[in-house]
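Asker: First the structure, which I've put down as C-alpha cells, then a few questions once you've had a look.
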Amino acid sequence: MKTPYLEIDLSKIHDNAKNLNAMFGARGIEITGVTKCFLGDPRIANAIVTAGISSLGDSRIQNLIRMKKAHVNALFTLIRTPSASEVHDVVMYADVSFNTELAVIAELSKTAIAQKKIHTIVLMVEMGDLREGILRKDLGKTIEEVLQMKGIQIIGLGTNLTCLNGIVPTQYNMDNLSRLAKMYERIYGIKLSVISGGNSANFNWMLEHGNKSKVNNIRLGEAILLGRETLSRKPIDRLHLNAFSLVAEVIESKVKPSLPEGKAGQDAFGDTPIFEDKGEMLRSIVAMGRQDVQVKGLTPMIDVDILGSSSDHIILDTTTTPLHVGDHIRFNLDYAALLSSMTSPFVESSFI
Ligand SMILES: *Cc1c(COP(=O)(O)O)cnc(C)c1O
C-alpha cells in the first residue's frame, strides 16, 4: 500500500451506527447519517445503512449522486441549500432538500414540474447560530408562498446550530422550533413530519429530552464516524473512537539540534515559529504534510511529538521512540483532519 493512506474500519463504523440507532430509535428519533466527510463513499455509506440508518444526508449533490449510482439503498437529503444552478440534479437525485430561499424553491418547482416529480423540502429556520435559515418572523410568509408552488411539498422544519458561532442547542431553542412547527401545521393545515433539530452537537439534548419533544430527527456525521458528541467532544459510551487512522512513512531520521541556525523570519505559511532549546534530538520526517491533512488535528499513536509541518513534511521528535527510514507511523484524526485527508488527492483509503 502506498503511503500516506487512511485505514478505515467498516465494522467499527457499522457498530457505531447501530448503537446510535438503538439509542435514538428507543426515543422515537430518526437519525440522518451525514456522509459529506467521506464524500459519499458507498462502502462507508453501506456500513451505516446496513446498521439500520436508512436516511442519509450530504451537503454536496455530487456525493448523493455517487451513492445513488452505487445503489446505496437510502432516502437521500441534500442538507445544504441548493444553488440555483444545480436544481436539475437536486430534483433528479435528492429525495429531499433543505431550503431557505424562495427564488431557489421556485426553480426547484419549475424543474420538478418538468421532471414530473414532487420534490420534498425541509425549511431551515434561523434559531440563533446565524448560518443558514429563514428568520422566524418570515417563516409564515415563506410557507404561504411555497404552498402556491406546484411540484414542491414541505415535509418539515429544521435548524442548524453550533457550526458557525457555537450557539448551543437548548430547551429554549428546541422548544421554539417545535412551537413553530405546531403553529404552522395548525395555520396552514399541513403536516410537518420531519423536525430536524441539528447535528452531533445535539447529541446530549436529543438523548435526554428528544422523547418529550416534537423534534424527531438528528443529523449525525462525526458521532457515527469518530464516536464523539461535538459540544465538548466527549466520547459517547460504547462507541469506537478509532474507526479511522492515518498512516504515513518516515523518509528521514537524524539526530539534529533542536534550535535552528541563523536569523529567523517567517515560515512558509506566514507564521513566526518559536523554538525551545532542548539540545540534540532525534528528528524524523514523514512524507505527509498540509497538502494531505490538517496537521493540527493529528495525534500520533506512539510516543512522539509533532514539532511542525509544511506542505509535504511533518517533523517529529522521536527521541523517546526512535523511528527509522521506511517505518510507518499511525495517527488518530479529529474531524478537521479526517475531512482534509478524505478530500486530499494524495491520500488513499484502505478498508478493513
Ligand atoms: C455537516 C452537517 C451535519 C453533520 O454534522 P456533524 O457535526 O458531523 O454531526 C448536520 N447538518 C448539516 C446541515 C451539516 O452541514
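The values are calculated or read from the model by the stated rules, or taken from the named source; none is laboratory data. Because the structure is predicted, anything quoted here is derived from the model rather than measured. We place every Cβ from the backbone using ideal geometry, glycine too, and count neighbours over all the protein chains shown.
Conditions tested, residue by residue: (1) at pLDDT 95 or above; (2) within 29 Å of the chain's Cα centre (by Cα); (3) assigned to a loop (DSSP other than H, G, I, E, B).
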| site | (1), (2), (3) |
| --- | --- |
| 256 | yes, no, no |
| 273 | no, no, yes |
| 299 | yes, yes, no |
| 311 | yes, yes, yes |
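Asker: Could you tell me which of the residues 57, 52 is part of a loop (DSSP other than H, G, I, E, B) and either at pLDDT 95 or above or of a type in the set (Asp, Glu) (or both)? Don't jump to the end; show me each part of the working.
Answerer: Details: 57 fails: part of a loop (DSSP other than H, G, I, E, B).
On inspection, the qualifying residue turns out to be 52.
Asker: Further question on the same structure: How about the stretch 172-229: which of its residues are within 16 Å of the ligand (Cβ to nearest atom) and hydroxyl-bearing (Ser, Thr, Tyr)?
Answerer: Filtering the stretch 172-229 for residues within 16 Å of the ligand (Cβ to nearest atom) gives 173-174, 177, 194-207, 210, 215-229.
The answer is 196, 200.
Asker: Is it the case, given these coordinates, that residue 16 is outside the structural domain of residue 334 (by TED's automatic domain parsing), in a helix (DSSP H, G or I), under 25 Å from residue 300 (Cα atoms) and polar (S, T, N, Q)?
Answerer: Working: outside the structural domain of residue 334 (by TED's automatic domain parsing): yes; in a helix (DSSP H, G or I): yes; under 25 Å from residue 300 (Cα atoms): yes; polar (S, T, N, Q): yes.
In short, yes.
Asker: When the stretch 206-264 is examined, which residues are found to be among the polar types (S, T, N, Q) and under 30 Å from residue 279 (Cβ atoms)?
Answerer: Applying the first criterion (among the polar types (S, T, N, Q)) to the stretch 206-264 yields 211, 213, 216-217, 230, 232, 242, 245, 253, 258.
Correct list: 253, 258.
Asker: Could you please find all residues in the stretch 132-162 being surrounded by 15 or more Cβ atoms within 10 Å (Cβ to Cβ) and assigned to a loop (DSSP other than H, G, I, E, B)?
Answerer: 132, 133, 149, 151, 159, 160, 161, 162, listed by residue number.
Asker: Now for a different question. With of a type in the set (Gly, Ala, Ser), touching a Ser or Thr at 6+ places or on another chain (Cβ under 9 Å) and in the same structural domain as residue 95 (by TED's automatic domain parsing) as the only criterion, which of 189, 166, 140, 133 stands out? Outline the logic, then answer.
Answerer: Working: 189 fails: touching a Ser or Thr at 6+ places or on another chain (Cβ under 9 Å); 166 fails: touching a Ser or Thr at 6+ places or on another chain (Cβ under 9 Å); 140 fails: touching a Ser or Thr at 6+ places or on another chain (Cβ under 9 Å).
Criteria check complete, one pass: 133.
Asker: Where residues in the stretch 30-46 are of a type in the set (A, V, I, L, M, F, W, C) and in a strand (DSSP E or B), which of them is nearest to the ligand (Cβ to nearest atom)? Working first, answer last.
Answerer: So the first thing to find is which residues in the stretch 30-46 are of a type in the set (A, V, I, L, M, F, W, C), and the list is 31, 34, 37-39, 44-45.
Filter once more, so that each one left must be in a strand (DSSP E or B): 31, 34.
Working: 31: 10, 34: 4 Å.
Filtering first and then ranking leaves 34.
Asker: Let me ask something else about it. For residue 111, which of the numbered conditions (1) touching a helix residue (DSSP H, G or I) at 6+ places or on another chain (Cβ under 8 Å); (2) hydroxyl-bearing (Ser, Thr, Tyr); (3) not in a helix (DSSP H, G or I) fails to hold?
Answerer: All conditions are met except number (3).
Asker: Next question. Which condition number does residue 100 fail, the rest of (1) touching a strand residue (DSSP E or B) at 6+ places or on another chain (Cβ under 9 Å); (2) more than 30 Å from residue 22 (Cβ to Cβ); (3) more than 16 Å from the ligand (Cβ to nearest atom) being met?
Answerer: So residue 100 meets the others, but not (3).
Asker: For the stretch 77-97, name all the residues that are under 17 Å from residue 157 (Cβ atoms), among the hydroxyl-bearing types (Ser, Thr, Tyr) and surrounded by fewer than 23 Cβ atoms within 10 Å (Cβ to Cβ).
Answerer: 81 - this is the single residue of the stretch 77-97 that is under 17 Å from residue 157 (Cβ atoms), among the hydroxyl-bearing types (Ser, Thr, Tyr) and surrounded by fewer than 23 Cβ atoms within 10 Å (Cβ to Cβ).
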